[in-house]
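The values are calculated or read from the model by the stated rules, or taken from the named source; none is laboratory data. This is a predicted model, so every value here is computed, not measured. Cβ placement follows ideal geometry from the backbone for every residue including glycine, while neighbour counts extend to all protein chains displayed. Side chains included, ligands, DNA and RNA excluded: accessible areas come from the protein's heavy atoms. Shrake-Rupley method; radii C 1.70, N 1.55, O 1.52, S 1.80 Å.
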Amino acid sequence: MNTTETTLQDAFRDVMACVATPVSIVTAMSRGGAPCGATVSAFASLSITPAMVMVSLDRKSRTLDVIRESGRLGLNVLGADQADLAMSFASKSVVDKFHGTSWDIDHGVPRIARASAWIAAGVADLVDGGDHVIVLGRVDVAEAEHVETKSPLVYYRRSFGTHLSH
């Protein structure tokens, strides 16, 4: 990588740190029945008709491998009180990210207890995105359980926080 590319990548990281993003944990179940998951801040709604989401995962992500294999994903939108959970699932070195976490299987994917909102989706497509892959998911079920009482967890300037209304 040359100096120009490095400078651009550093500047791009700094610019993207200025964008507040929601934090969620993407989950999937392996064929062997083992849950896996990863913290993401790069996800968004894609379409209302049909209901679709998009999630970006690192090409080397074990969770991406399981999503490819199973054809399903869960999206657990986190609340402001779940920053520790987000950090745990962001770790690449933790073997059992679900250890000590309350969860169950719902619509074939792991659903994390007390998440603000939850989506289960089938994979509609996988799109190349440089060092990431964009997973397009067709939503099967969407539930917002705690959105009235729970502040969202957001990632901004390389740290977790929350949103406050004006």
For ARG72, are the conditions met, namely being within 17 Å of SER30 (Cβ to Cβ), charged (D, E, K, R) and either within 16 Å of the chain's Cα centre (by Cα) or surrounded by 17 or more Cβ atoms within 10 Å (Cβ to Cβ) (or both)? yes
On the basis of being open to solvent by 50 Å² or more (accessible area, probe 1.4 Å), of a type in the set (A, V, I, L, M, F, W, C) and modelled with pLDDT of 95 or more, does ALA121 make the cut? no
Failed condition for LYS97, given (1) assigned to a loop (DSSP other than H, G, I, E, B); (2) open to solvent by 40 Å² or more (accessible area, probe 1.4 Å): (2)
Across (1) at pLDDT 95 or above; (2) open to solvent by 60 Å² or more (accessible area, probe 1.4 Å); (3) closer than 27 Å to ALA20 by Cβ, ARG114 clears everything bar (1)
Would you confirm whether any residue within the range 131-146 is modelled with pLDDT under 95 and either open to solvent by less than 50 Å² (accessible area, probe 1.4 Å) or among the β-branched types (Val, Ile, Thr) (or both)? no
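Select, from ASP65, ASP128, ASP140, the only residue that is part of a strand (DSSP E or B) and without any contact (Cβ under 8 Å) to a residue 24 or more places away in the chain. So that I can check it myself, show each step before the final result.
On the way: ASP65 fails: part of a strand (DSSP E or B); ASP140 fails: without any contact (Cβ under 8 Å) to a residue 24 or more places away in the chain.
Of the residues listed, the single one that is part of a strand (DSSP E or B) and without any contact (Cβ under 8 Å) to a residue 24 or more places away in the chain is ASP128.
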Is it true that some residue in the range 48-60 is closer than 21 Å to HIS99 by Cβ and either under 15 Å from the mean Cα position of the chain (by Cα) or among the charged types (D, E, K, R) (or both)? no
I'd like to verify a number: residues in the range 147-161 that are open to solvent by less than 60 Å² (accessible area, probe 1.4 Å) and either charged (D, E, K, R) or at pLDDT 85 or above (or both), how many? 5
Any residue in the range 1-18 that's in contact (Cβ under 8 Å) with a residue 40 or more places away in the chain: show its pairings with residues that are open to solvent by 80 Å² or more (accessible area, probe 1.4 Å) and not hydrophobic (A, V, I, L, M, F, W, C) at Cβ separation under 8 Å, as long as the two are six or more apart or on different chains. ALA17/TYR156; ALA17/ARG157; ALA17/ARG158; CYS18/TYR156; CYS18/ARG157
